[in-house]
Structures are given as C-alpha cells and as structure tokens.
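Asker: The structure that follows is given in the form of structure tokens.
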Amino acid sequence: MNPKRTSSIHKIRDIHLQRIDLNDQYDILREIGSGDYGKVVLAVLRERQEEVALKIVPKATTSSKDFQIEFHYSYFLSPHINILNTYDVAFETTDYYIFAQEVAPSGDLWQVIEKQNGMEENDVKLVVKQVTSALEFMHSKDLVHRDVRAENVLIFQTNFTKVKLTDFGLTRRAGTLVKKRTRSLPTCPPEIWETVHMEGYNVEIGSDVWQMGMLIFAALFANFPWQKADITDPDFRVFMQWQKRKTTRIPKKFKIFTPRLLRLYRRLMDAKPSKRYEITEVYKYVGDKWLVPRSSRTSNVSKTPEPSDHSEVREETLEEILSNFGLKDHVNKDDKEQRVYDWILSSTKDKGS
C-alpha cells in the first residue's frame, strides 16, 4: 500500500481543477450507471487508448467542496484491494466535475442479484468478506461509507472472488455533523429515517454496520425485509419487537435463517448505532451455515428459539408468567421456579376436581 496515499487521508486537498472539453480528450463509449449523484460512463483516453470509468457529477447539484471530498477519499482509499481504484485525474467542464477510475468488467452486484433473483449463500459470503474488509479498513481510518448497498459493490471476477466497494460521495469522518440531503433508501438505518430533511446529525460508524445486514438480506433474496426502517412500517416494527426481545417469535422474512445468522443480525442491527457491534464481527459468522436447509423449512422451524438465546427466552417467558400472577422481580430464581411449579400443580388439581 502506498504510504503517501494513506498518511494524508484526513487532510482534504484543495486542488485546482483544469477545465477541458471532454470530447477533446475522451471517446465516450456508453453509460455504465446513473443515479442521484450523476452518472458513470465508459470512456477511452484517446492519447493512450486506455479504457477508464469517468464519474460525472453535475455542478448544479454538487458543490466544488463536496466533489473534492469525494475525489479525495476515493483516491486515498483505493490502495485497498477491495476498494475501487481511483486515478489521480480530476477535471471540470462547463457543467460537470469529473474524475477517472478503473473499469469493473462485470458490472455491479445488484445487476447479478436481480438477474439471479438472489445469490447462492456461498457466493454471498465471498462478497460479504471482501466488503467487510473494505469497511474495516475505512473504519480503522475513522471513516464511514454511509451508502453500503449492492449497487456500490463492483464485480471483477464472475465467481465473486474479487469485488470492490465504490461510491464515496457520502463518506465522512465519524462524528462529522452533516445535513440530511438525500432521500432515505430501504438500506438506511433507523436513525437516518428519523432525521428530518435538511436537519443535522452526526455521522456514526454504526450506519455501515446496519447496512451490512441489509446487504446480506438483499443479496440472498433480491429484496429488502422492509421498505423503511421506521416504526410505521409493519415489517420493521415486527423485526424491532424481536430484536428488543419483546417477543420470541422470529419475523416471517427471517424464518429461514439459522440461529447463527439470526444471532449476527441481533449484533449488527441494534436500534441504537452505538450498541451495534464492530464490522469485524461479521468474520466470526461467515464459516457458519446461514440458511435452513430446504428440507427443514417447515412451519415448526420458526417456533424453535435460538439455541444461543435459550436461557434468555426462558427467563423472558418466566418473567411474564410471574408478572401475571403478582410475583416481584426481587424473588430469587429458585423461589420463582418453585412458585410457578406449585401454581401449575394447583391448576392441575383444580381441573381434576
């Protein structure tokens, strides 16, 4: 890794952008992708006959400062093997800011997910490990990507042994106060959904951790578990009830997950970003089975509590029983169990009399 690229990662360069006529130096072949940010085109640098991807950002919607922040982080993060390489080439035209990146030969991950209607579990794990590595590197530099989703994962090998994270337009240092300017997506965590448009909030690393959970789900099923991480969304509300252990009933869309993957979701997707685990927690679970085998996917599967949470589920149920019959929390565990046992026996005798 080039130390010159990483040593100045938090010092945003104020570079002078040369103004050129794009068509004088590049042959534009086709559009690769587009979105709220602008577009990416496949182009040939005429002087060297080399293909590059040009990210073209309209001046009408992006300030010079925001463009330079994105270009800076894209360039200084790109030495990582799982982050898209950005060349030290940036310029402007009358209407656009532009910088050059390497070309991903096989498109983005969402294209594959849509085409296959969800990916195989082992392929998802290959992708997740690499994206986790990229995020681990960013987080070690106190940077938050803030837009981790399948469209921003580019494929370099069709067997998914080489993918790269891209699009650092929202990347900021953790703790930075920013304004909510973009529309909320299904992948956004609840703290973003709760923030009013143009209202300020602090950037937190937990945002990336939440979005990793959403990426896993989207890659497996080609959809999202909810449309918005807000209590008004019934699917999200059910998930939060399970997440906060207010119910032992596994959300319908998560029933085919193994106890291990369910445990990972509990660790990654806490409602409070400060309580979410570090992104490196993902590494502990990629060697486990994530989906219940098809032959075992019956209605009984969802009724089985997670083995790792057995004691917690049992205690929760016991507390509910005790509460219903006026027992207080200060009663010790043995007394609680004996009193419940006596109550069950008395109920049985009443039925028999």
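The values are calculated or read from the model by the stated rules, or taken from the named source; none is laboratory data. The structure presented is a predicted model; accordingly, all values stated were derived computationally and were not measured. Reconstructed Cβ throughout: ideal geometry from the backbone, glycine too, with neighbour counts over all protein chains shown.
Rundown of residues vs (1) assigned by TED's automatic domain parsing to the domain that holds Arg172; (2) in contact with a strand residue (DSSP E or B) (Cβ under 8 Å, 6 or more places away or on another chain); (3) assigned to a loop (DSSP other than H, G, I, E, B), yes/no style:
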{"residue": "Glu31", "(1), (2), (3)": "no, yes, no"}
{"residue": "Ser34", "(1), (2), (3)": "no, yes, no"}
{"residue": "Val41", "(1), (2), (3)": "no, yes, no"}
{"residue": "Glu51", "(1), (2), (3)": "no, yes, no"}
{"residue": "Ala60", "(1), (2), (3)": "no, no, yes"}
{"residue": "Asp66", "(1), (2), (3)": "no, no, no"}
{"residue": "His72", "(1), (2), (3)": "no, no, no"}
{"residue": "Phe76", "(1), (2), (3)": "no, no, no"}
{"residue": "Asp88", "(1), (2), (3)": "no, no, no"}
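Asker: Could you check, for the stretch 157-168, whether at least one of its residues is over 22 Å from Tyr283 (Cα atoms) and out of contact with any Ser or Thr (no Cβ under 8 Å at 6 or more places or on another chain)?
Answerer: Step one: of the stretch 157-168, the residues over 22 Å from Tyr283 (Cα atoms) are 158, 167-168.
This time we only want the ones that are out of contact with any Ser or Thr (no Cβ under 8 Å at 6 or more places or on another chain), so: 167.
Within the stretch 157-168, one or more residues are over 22 Å from Tyr283 (Cα atoms) and out of contact with any Ser or Thr (no Cβ under 8 Å at 6 or more places or on another chain).
Asker: Would you mention how many residues in the stretch 225-266 are in a loop (DSSP other than H, G, I, E, B) and under 21 Å from Pro293 (Cα atoms)? Don't jump to the end; show me each part of the working.
Answerer: Of the residues in the stretch 225-266, the ones in a loop (DSSP other than H, G, I, E, B) are 225-233, 244-251, 255-256, 258.
Going one step further and asking which of them are under 21 Å from Pro293 (Cα atoms), we end up with 225, 249-251, 255-256, 258.
Going through the stretch 225-266 one residue at a time, the tally reaches 7.
Asker: So which of Asn122, Asn202 ends up being out of contact with any strand residue (DSSP E or B) (no Cβ under 8 Å at 6 or more places or on another chain), surrounded by fewer than 17 Cβ atoms within 10 Å (Cβ to Cβ), at pLDDT 95 or above and more than 26 Å from Ala53 (Cβ to Cβ)? Spell out the reasoning first.
Answerer: Working: Asn202 fails: out of contact with any strand residue (DSSP E or B) (no Cβ under 8 Å at 6 or more places or on another chain).
Just one listed residue meets the conditions, Asn122.
Asker: Let me ask something else about it. Between a residue in the stretch 161-172 that is farther than 16 Å from Thr132 by Cα and any residue that is part of a loop (DSSP other than H, G, I, E, B) and at pLDDT below 95, which pairs come within a Cβ distance under 6 Å, given they are 6 or more apart or on different chains?
Answerer: Between residues of the stretch 161-172 that are farther than 16 Å from Thr132 by Cα and residues that are part of a loop (DSSP other than H, G, I, E, B) and at pLDDT below 95, the close pairs are Gly169/Tyr37.
Asker: Taking the residues in the stretch 168-199 that are touching a Leu at 6+ places or on another chain (Cβ under 9 Å) and of a type outside the set (Val, Ile, Thr) as candidates, determine which candidate is surrounded by the fewest Cβ atoms within 10 Å (Cβ to Cβ).
Answerer: If we take residues in the stretch 168-199 being touching a Leu at 6+ places or on another chain (Cβ under 9 Å) and of a type outside the set (Val, Ile, Thr), then Arg173 is surrounded by the fewest Cβ atoms within 10 Å (Cβ to Cβ).
Asker: Can you pull out every residue in the stretch 90-138 that is of a type in the set (Val, Ile, Thr) and assigned to a loop (DSSP other than H, G, I, E, B)? Walk me through how you get there before you give the answer.
Answerer: The initial filter retains those residues of the stretch 90-138 that are of a type in the set (Val, Ile, Thr), namely 93-94, 98, 103, 112-113, 124, 127-128, 131-132.
Once the filter is applied, which keeps residues that are of a type in the set (Val, Ile, Thr) and assigned to a loop (DSSP other than H, G, I, E, B), the stretch 90-138 yields Thr93, Thr94, Val103.
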